[in-house]
Amino acid sequence: MTFKVRLRGWWRARRTAARRDEGMTTSEYAVGTIAAAAFAAVLYKIVTSGAVSGALESVIGKALDAPF
C-alpha cells in the first residue's frame, strides 16, 4: 500500500470522526458556564469601582449638559 493511499484513508477516518462530534459535552458546558460567570463577576467589579463609576457619570453628565 502506498503512502498516498494510507494518507487518504487516514484523512477519511478523521473526517468521519469529526462529523460524529455533535457539540459540546456536559463538562464543556459546565466549564464554559463557570468561565462566563467569572468573567461577568470581574467585569461587574470593574464597572462598579469608584474610578470607572465616576468616569461614566462624568461622560453621561457632559453628554446631557451639552448645548445644542
Could you work out the pair-distance distribution P(r) of the chain from its alpha-carbon pairs, with 10 angstrom bin width and percents rounded to whole numbers? 16, 18, 16, 15, 13, 12, 8, 2, 0
Residue-averaged [θ]222 nm for the chain, counting only DSSP H segments that reach four residues, each worth -39500 (n - 2.57): -27500 deg cm²/dmol
When the accessible area of the chain is split by element with a 1.4 Å probe, what percent falls to carbon and sulfur? 68
Given the protein chains as shown and a 1.4 Å probe, how many square angstrom of residue 57 are accessible, to the nearest 10? 130
Order the following by accessible area, largest value first: 29, 44. Probe radius 1.4 Å; ligands, DNA and RNA are ignored. 44, 29
Name the helices (complete DSSP H segments) of the chain with a Cα length along the long axis of 18 Å or more and a Kyte-Doolittle mean of at least -0.5, or state none. 26-47, 50-64
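Given a 1.4 angstrom probe, what's the average accessible area per residue across the chain, in square angstrom?
Details: 6350 Å² over 68 residues.
For the chain, the solvent-accessible area averages 93 Å² per residue.
The values are calculated or read from the model by the stated rules, or taken from the named source; none is laboratory data. Every value quoted in this text rests on a predicted model; they were computed, and no experiment measured them. When the accessible area is computed, the model is the full protein with side chains, heavy atoms only, and any ligands, DNA or RNA have been set aside. Shrake-Rupley method; radii C 1.70, N 1.55, O 1.52, S 1.80 Å.
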